[in-house]
Structures are given as structure tokens and as C-alpha cells.
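To keep things clear, I will list the structure first and then write my remarks on it.
The values are calculated or read from the model by the stated rules, or taken from the named source; none is laboratory data. Quick caveat: nothing in here was measured; it's all calculated off a predicted structure. Cβ sites come from the backbone with ideal geometry, for glycine too, and all protein chains shown count toward neighbours.
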Amino acid sequence: MTGLEQFELVETVLRGTPAVPGIAVAPAIRPTARVNVDARIGPISESDRAAELTAFHAAAATVAQRLRDRAAASSGAAAEVLAANAAMAGDRGWLGVAQRRIAEGDPATMAAIVATEQFAVMFAKLGGLMAERVTDLRDVCDRVVAELVGAPEPGIPTPAMPSILLAADLAPADTAGLDPALVIALATSLGGATSHTAIIARQLGIPCVVGVDGLDKVPAGTQVLVDGSAGTVTVAPDAAAAARRVADYRAVAARNAEWSGPGATADGHRVDVLANVQDGAGARAAQATAAAGIGLFRTELCFLERESEPTVEEQARIYREVLDAYPNAKVVLRTLDAGSDKPLRFAEHPDEANPALGVRGIRIAARDSGILDRQLDAIALAAAGRDVVPWVMAPMISTAAETKSFADKVRSRGLVPGVMIEVPAAALLAETILEHVEFASIGTNDLAQYTMAADRMSPELAALTDPWQPAVLTLVARTAAAGRTMDKPIGVCGEAAADPLLACVLVGLGVSSLSSAAPAVAAVGAMLSSVTLDACREAAAAVLGSADPADARELARKILVA
Ligand code: PEP
Ligand code: MG
């Protein structure tokens, strides 16, 4: 009997790193690999070419119809993309080039690829929106090739029923395209809790566990239960027990959902509870929570797929959507944090051995200030005529000089400048940085990565990048103290602010706002409303003296959970 068969028969618990809380049970789906075509095949004999052409047209028509059916079954942006891709599969120009190649002796698979590459070069040259379509065109081609050789469709399948996606890893762009109604949980064998895949999953409200040992042995179709709070994937769970766990989780979530803000401790100490978003749709979704505003708009996530830099007007349109969702509230936009695991094609990143330590975030402006200048112009355009002036902060600030240069640019456009504190150097010298700006927001994901010298993407190092690490919390305390001295507000917008218990500790350390993905807002607000400021301070003092994250959690739990 193989390992796979055992999973189907016996309940097995696989352990990973909790990334997004929530429990779901459903059959597993897996991404399908694209078919590699051997370029050496061919030419085909003249007598077979008519049949090859018929097969090609049939495959293209099947793919187009499948995409049209999916478009009809979807809504919003997903429906538009699917419909556009269906049109590509039936495009006369593309079909014509492939048809000519087949007539000259190319096998249909090769003809599809050659035609696709011809159009890809042309689209890339045209730039702008056309260049954006290259990925879609290649995706359509991969599907046609798979259809021709009788292989399953490549990429993330669109399931017919709510399912749980299991994968080795997912690119942020793949995760961003998921439909939370159909992909109800996510588990990966790679990645850390603060990888951007996990962040986007949190944004979408999809329970997620990363770095799961043994996940690659679980075949598609197996029933699995993902517990995003415990960090487990139960293969072939007992059906009744699984249903009970889902129901219990829903009951707690329903209690949290009753929290209606504003953010405050039980004894009335006010704390801004805000939402992290990645686009206008995310901001509109956040309106359903009691978040008082937006504490982090990760602007780079709007452009992960872009081949070319969006124009100032186009950017302004996108930023305006987020400002429109919170017209009278605090909105903090972060300038492009491109680089490392979120490269932007138009930012022209250098080839680096250690991209996380490389030209990332604000450092891009030192090579070419144009991208930052144009983004700030776009934000100012989006903000024009509004009652509330948006706050704008820079990622990856390390020095006072970087801060001053950024703050001057932001102020000259009538906006409110701030920084992210996510590099230990910035936390250690927070006063010298705060001197130039109006506020700071602590990015605990990167602060943990750089403090502990541990890749936030690495499942093996997840214990080191745990935001409960006393060294990380010491730097949070250091920054909050600088904020008090300089009378500047200090928030936290890293994933630490999404953990209700840790959120209370952060308040005890002196932070004045907490910003988390919208699905975590209610749990954070509800927990905060159940504790006093004194208890938060007591817990903060205890965790600063703790030995390790497990000890810190335990100490905080004893003080904060009745
Ligand atoms: C952080 O580092 O904590 C943060 C909020 O920024 P990002 O996760 O986007 O790097
Ligand atoms: Mg960061």
C-alpha cells in the first residue's frame, strides 16, 4: 500500500505554520503543471495536416467554451478576465497564424506556441494594457496545448464546488486571483506565515496554513480539514468531528462579529483599529467591518501583473477607489514596496543574490526617483479636494536621510508623511527618524525577518520569525517609547496586529493603532474590548522578560485571558 492510499483511509494530522485563522473542510484540489512541448517534434506529413488543423480548432474551441462557461458562472473582475481570455482563444489573428504554421508542417502544439510568442512580442512592444495581456495569452495557449495532448488543464483549477487548494507554493499573483467562495482554504508546503501569499490569503479571508510537512503526498480529491489557527491540515478527518469544529469556529466568529467599534480597551483607552487592504475592492470589503479606517494600503499589490508602469492618472483612479471607501477616515497609503518577493516588472530590479537585503521599497527611489515622484503625484491627484488628507508612508526606511528626502517630497504635495519601521536600524534610532515625519507604522513581518536574520518565507525558520520573539517586541517597545518622546503616533500594521492576544500586548507596549487584514479586525477589536490598559501593560512587561515566543504567549494568556 502506498502513502497516498493510507491517507485516504486513515485520519492523519499534518502540521505547519498557522497563517490565516479559520476552519474549513472540503475536498482538496491541486494546481496542474503545464505541458512541456518538445520543440524537436515534427514536421508532420502533408497527409496528416488537415487532421492536425481540425484537432487544433477543436481544442481552441473547447478551451474558449470552457472559459466562457466559467465567465458566466463568475462575477466582477474574475468574470471580465475569463471572458477576455475566452475571446483570445477564439481570436482570428492568433488562430490564423497557428493555422499557417500547421499548413507548413508544424504540429498543432508547436503552432499554438509559435503563434502565441509572435503575439506576445507584439503586445510587449505595444506596452501598457496590451503588454498586460501577455500572461493571459500564454495561459490560454497552455490550456490549448493541454487539450491537444489530452492532459488536464494547467494552473489553479476552477473547482465545481467549494474546495481546499493544496500547493507547494503560490505566487502572490496566483493567490490574488482566487475566488474565496470556491477556494475556501489554502495550505502550502512552502512559505512562512508572513509570506505575501499568506498575507493575500488573509486579505481574502481564506483560512491558510503554510509550511505543511507531508502535504505533497495528499492527492487531489481527498477530504481535508484546514485549521488556520492551529496550523494543521487533517487528512481524511472524521466527518462528524470535522463538522463540529467548523460549527464551533463559526460560533466564535459570530460572537466577534458583534464587535462594532470604536477600538478601545475595557476601561476606555482608545486605540485605532484599522484594516490593511490591497485595492479598492478590499477597501469596500473592509467597510463591512468596524475598522475605523485603512492603516496600510499595500499599493504594490495592485501592480504585480503589470509589465509597464501605470500612468499617473491610472494610478490616481486606483488610489481614489480606496479613498472613496473611507472618505472621512484615516487612510494610510504605502508607496510601492517593490522588490524581494514582490518584484514589479516595471521597477527594473537589479539581479541580486539577496533580494530581501537588496534594492527594495524606498531604496528604489535612490536609483530612480521617477517612480516614487509619479506615485506621489498620483496620490496627490487622488487626494485633491478631499476633507481628510491621506497619510503616506515609505517602506524599508533605514536612515534619517532617506526619511527626510521622502518627507520633503510628500509635504511638497500637501500630503502627510510617515514611515514604516521594519528595519532594526530604524527602530534603534526611531527618534532621529520621527523628527522628520508625522507618524510611523511598525511592519513586524520585516522587522522580525531582519531582527532575527531569518527569511520570512522560510517554513524552517518560522519559529524565528514569530512576532512574539522577545527581541522583536523589544524593538517595538523601543519605537513606541520614541513615539511618546516625540509625541508622534506609532501604529503596527504587520501581521502581529492580526493576532488578538498579541494586539493587546502591542497596546501595552504603547502603540496607538492596530491595522490588520479585514477578516481579523473583529477578533482584534473584541479581544481589546475585553481587557484593561493596565492588563495590557502588565502583559507587555511580562513578554519583554520572556524566554521565547511560547513562553511569551503563555505569560500573556495568563494575564489577558480570563
Ligand atoms: C511588514 O513588513 O510587517 C509589513 C506590513 O509590510 P509587508 O508585509 O508588505 O512587507
Ligand atoms: Mg514589510
Q. Only one residue in A366, A380 is out of contact with any helix residue (DSSP H, G or I) (no Cβ under 6 Å at 6 or more places or on another chain), assigned to a helix (DSSP H, G or I) and at pLDDT below 95. Which one?
A. A366
**Q.** Count - residues of region 422-451 that are within 14 Å of ligand 1 (Cβ to nearest atom) and closer than 15 Å to T474 by Cα
**A.** 15
Q. For region 244-258, does any single residue satisfy the condition of being buried (at least 20 other Cβ atoms within 10 Å of the Cβ) and of a type outside the set (K, R)?
A. no
**Q.** region 480-494 - residue that is away from ligand 2 (no atom under 14 Å from the Cβ) and surrounded by 22 or more Cβ atoms within 10 Å (Cβ to Cβ) and, of those, nearest to V543 (Cα to Cα)
**A.** A480
Q | Flag if I379 is crowded, with 21+ Cβ neighbours inside 10 Å and either farther than 30 Å from V271 by Cα or of a type in the set (A, V, I, L, M, F, W, C) (or both) | A | yes
Q. Of these, V521, V531, which one is in a helix (DSSP H, G or I), buried (at least 17 other Cβ atoms within 10 Å of the Cβ) and in contact (Cβ under 8 Å) with a residue 60 or more places away in the chain?
A. V521
Q) Among the residues of region 437-455, is there at least one that is more than 22 Å from A365 (Cα to Cα), touching a strand residue (DSSP E or B) at 6+ places or on another chain (Cβ under 8 Å) and within 16 Å of ligand 2 (Cβ to nearest atom)? A) yes
Q) Which condition breaks for P162 when tested against (1) modelled with pLDDT of 90 or more; (2) buried (at least 17 other Cβ atoms within 10 Å of the Cβ)? A) (2)
**Q.** Sole residue being free of Cβ contacts under 8 Å to residues at least 40 places away in the same chain and out of contact with any helix residue (DSSP H, G or I) (no Cβ under 7 Å at 6 or more places or on another chain), chosen from A329, A353, A347, A338
**A.** A353
Q: Out of the residues in region 325-348 that are away from ligand 2 (no atom under 16 Å from the Cβ) and not in a helix (DSSP H, G or I), state the one that is farthest from the chain's Cα centre (by Cα).
A: N328
Q: Output the residue which, of all residues in region 452-477 that are part of a helix (DSSP H, G or I) and more than 13 Å from ligand 1 (Cβ to nearest atom), is modelled with the lowest pLDDT.
A: P459
Q) What is the one condition in (1) closer than 21 Å to L357 by Cβ; (2) within 16 Å of ligand 1 (Cβ to nearest atom) that A480 does not satisfy? A) (1)
Q. Of the residues T451, T474, which is polar (S, T, N, Q), surrounded by fewer than 24 Cβ atoms within 10 Å (Cβ to Cβ) and without any contact (Cβ under 8 Å) to a residue 40 or more places away in the chain?
A. T451
Q. Within region 292-324, can you find the residues that are part of a loop (DSSP other than H, G, I, E, B), more than 16 Å from ligand 1 (Cβ to nearest atom) and among the hydrophobic types (A, V, I, L, M, F, W, C)?
A. A292
(Q) Take L296 and tell me if it is within 16 Å of ligand 2 (Cβ to nearest atom) and over 21 Å from C493 (Cα atoms). (A) no
Q. Modelled with pLDDT under 95 and within 16 Å of ligand 2 (Cβ to nearest atom), is that true of A497?
A. no
Q. Cβ-Cβ below 6 Å, separation at least six or inter-chain, first residue in region 415-428 and assigned by TED's automatic domain parsing to the domain that holds A378, second of a type in the set (G, A, S) and within 12 Å of ligand 2 (Cβ to nearest atom): which pairs?
A. V419/A394; M420/S441; M420/G443; E422/G443
Q: Looking only at region 551-558, decide whether some residue is assigned to a helix (DSSP H, G or I), within 25 Å of I23 (Cβ to Cβ) and acidic (D, E).
A: yes
Q. For region 414-428, does any single residue satisfy the condition of being away from ligand 2 (no atom under 16 Å from the Cβ) and surrounded by fewer than 18 Cβ atoms within 10 Å (Cβ to Cβ)?
A. yes
Q. Consider V419 against the criteria (1) away from ligand 1 (no atom under 16 Å from the Cβ); (2) within 25 Å of the chain's Cα centre (by Cα): it satisfies all of them except one. Which criterion is unmet?
A. (1)
Q.
For the structure I just gave you, tell me whether V277 is modelled with pLDDT under 95 and under 20 Å from N445 (Cα atoms).
A. yes
(Q) crowded, with 23+ Cβ neighbours inside 10 Å, under 24 Å from the mean Cα position of the chain (by Cα) and away from ligand 2 (no atom under 16 Å from the Cβ): is that true of I397 in this structure? (A) no
Q | Residues satisfying the stated conditions in region 231-257, i.e. over 28 Å from the mean Cα position of the chain (by Cα) and among the acidic types (D, E) | A | D238
Q: Take V149 and decide whether it is under 16 Å from the mean Cα position of the chain (by Cα) and either at positive phi or hydrophobic (A, V, I, L, M, F, W, C) (or both).
A: no
Q: Report, by residue number, each residue of region 462-478 that is within 14 Å of ligand 2 (Cβ to nearest atom) and not hydrophobic (A, V, I, L, M, F, W, C).
A: T465, P467
